[in-house]
Amino acid sequence: MKDEKQGNPRHVAIIMDGNGRWAQAQGLPRALGHKAGMESLRSIVEACPDLGIEYLTVYAFSTENWKRPRLEIEALMRLMSEYIDSELDRLNRKGVSIRILGDIQPIPAALRSKVEGAVAMTSGNQGLRFSIALNYGGRQDILQAAQALAKRALHGEDPDRWTEEDLQKCLYTGDMPDPDLMIRTGGDLRISNFLLWQLAYSELWTTSTYWPDFTPEHLAGAIQDYCGRQRRFGGI
């Protein structure tokens, strides 16, 4: 693929890291860091349309996060529920379409019901496509896509005729473009099992800023950096 002059990214993915460390640095319980992170998420979602972002995907809870202390997991689930309660009507009025990436069956039934209701309410909206990776893992995503293809083979399809596109369509993001830009806050330099297939040629941008301190100005700076890059997609 030839080099292309960069415009603003259509799809931005974010690993919202550093909530707990932000709280600990201030002598606060980790749960308050996650609560502060919800405020940052609100401002970032609001900023996306003005920055030309059509798709926003955030990593809210990974398949590995179940290893965290029970009280922290409960606090995270409670905050997700509160986020839906406080934000859903406003997001719907703004035309935001909410979708969930991941297997939500293991999450508490009350939260699962709210999540499903939010997805249903906003499904027809044509504004920002806001995806929340909830009980999501990149390896699990690829596995469930492969299982979906295997079922098709059992019904007589020839696997030798399949292409990468066939598998990609079975991913949770099957009807979305791959992220142009992946942002990670909190200083760590890894993708932590997030969108493993989809990030193959995404531009990466990291910052030591903890997620509760991440602002639309930081997002604009990441986009400015992205626009100065040259994407070659394996070419010269």
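The values are calculated or read from the model by the stated rules, or taken from the named source; none is laboratory data. Keep in mind that this is a model prediction, so the values were computed, not measured. Note: ideal-geometry Cβ built from the backbone for every residue, glycine included; neighbour counts use all protein chains shown.
Numerical summary
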| quantity | calculated |
| --- | --- |
| Single match in G124, G187, G235 (criterion: under 28 Å from S81 (Cα atoms), touching a Lys or Arg at 6+ places or on another chain (Cβ under 9 Å) and surrounded by fewer than 14 Cβ atoms within 10 Å (Cβ to Cβ)) | G187 |
| Any hit, segment 120-137, residues being among the basic types (K, R), more than 26 Å from Q230 (Cα to Cα) and either touching a Ser or Thr at 6+ places or on another chain (Cβ under 7 Å) or assigned to a strand (DSSP E or B) (or both) | no |
| Selected residue (criterion: nearest to C170 (Cα to Cα)) from residues of segment 91-107 that are of a type outside the set (A, V, I, L, M, F, W, C) and assigned to a helix (DSSP H, G or I) | N92 |
| Scope segment 66-110; condition free of Cβ contacts under 8 Å to residues at least 40 places away in the same chain, in contact with a Ser or Thr (Cβ under 9 Å, 6 or more places away or on another chain) and of a type in the set (D, E, K, R); matching residues | R99 |
| Residue in segment 65-83 that is touching an Asp or Glu at 6+ places or on another chain (Cβ under 8 Å) and of a type in the set (A, V, I, L, M) present | no |
| Some residue of segment 22-32 being part of a helix (DSSP H, G or I) and crowded, with 20+ Cβ neighbours inside 10 Å | yes |
| Filtered residues of segment 48-83 (kept if of a type outside the set (D, E, K, R), closer than 22 Å to L199 by Cβ and under 16 Å from the mean Cα position of the chain (by Cα)) | C48, I53, Y55, L56, T57, V58, Y59, A60, F61, S62, T63, N65 |
| Matching residues in segment 215-236 - criterion: being within 19 Å of R184 (Cα to Cα) and part of a loop (DSSP other than H, G, I, E, B) | T215, G228, R229 |
| Residue count, segment 31-64 (criterion: among the charged types (D, E, K, R) and in contact with a Leu (Cβ under 9 Å, 6 or more places away or on another chain)) | 2 |
| Within segment 42-64, tally of residues that are over 19 Å from D213 (Cα atoms), part of a helix (DSSP H, G or I) and hydroxyl-bearing (S, T, Y) | 1 |
| Qualifying residue in segment 162-178 (condition: of a type outside the set (S, T, N, Q), under 23 Å from K35 (Cβ atoms) and touching a residue at least 60 places away in the same chain (Cβ under 8 Å)) | no |
| Of all residues making up segment 76-97, the number that are basic (K, R), surrounded by 14 or more Cβ atoms within 10 Å (Cβ to Cβ) and under 22 Å from G127 (Cα atoms) | 1 |
| Residue list for segment 68-77, restricted to those being more than 19 Å from S131 (Cα to Cα) and either part of a helix (DSSP H, G or I) or modelled with pLDDT of 95 or more (or both) | R70, L71, E72, I73, E74, A75 |
| Selection count, segment 190-199, where residues are crowded, with 23+ Cβ neighbours inside 10 Å and touching a Leu at 6+ places or on another chain (Cβ under 8 Å) | 1 |
| Pair list, Cβ < 8 Å and 6+ apart or interchain, from segment 45-65 residues that are surrounded by fewer than 21 Cβ atoms within 10 Å (Cβ to Cβ) to residues that are assigned to a helix (DSSP H, G or I) and β-branched (V, I, T) | L51/I223; N65/I73 |
| Residues of segment 5-21 classified as farther than 16 Å from A75 by Cα and not in a loop (DSSP other than H, G, I, E, B), total | 5 |
| Test: D178 is closer than 30 Å to G221 by Cβ and acidic (D, E) | yes |
